[in-house]
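To start, the structure under review is shown below, and the notes come after it.
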Amino acid sequence: MKINNIGQMGVNPYRKQMEKPVQQTNTGPKSDKVEISPEAKGLQETSQFQEARKEKVAQLKIAVQNGTYQVDAKTIAAKMTDFYFGGK
């Protein structure tokens, strides 16, 4: 299949922008500024839920390492069916 060039080739739509002289202003060095809202600062603080979760994770790690962690297969299966099939 032969494709012929249609229309003008080599047209740069940004040519006019490149031809404009660049005007530089010496306003001094610019610096970035970040502002954190009080709500975001509150979220960054450690909450009581995070502490309780860390303690639970530590207990589970110890139980797994000792070999005393028991998995209740029926409870897991029930929760999976509830999740996937919109349990009651």
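Coordinate-derived values only; no laboratory data. Computed from a prediction, not measured in an experiment: that's the story for all the values here. Glycine also receives a Cβ, built like all others from the backbone with ideal geometry; neighbour counts cover every protein chain displayed.
Observations, loosely collected:
- Answer residue from segment 38-88, given it is in a helix (DSSP H, G or I) and among the basic types (Lys, Arg) and is surrounded by the fewest Cβ atoms within 10 Å (Cβ to Cβ) among those: Lys74
- Scanning segment 32-60 for residues that are farther than 30 Å from Gln70 by Cα and of a type in the set (A, V, I, L, M, F, W, C) gives Val34, Ile36, Ala40, Leu43.
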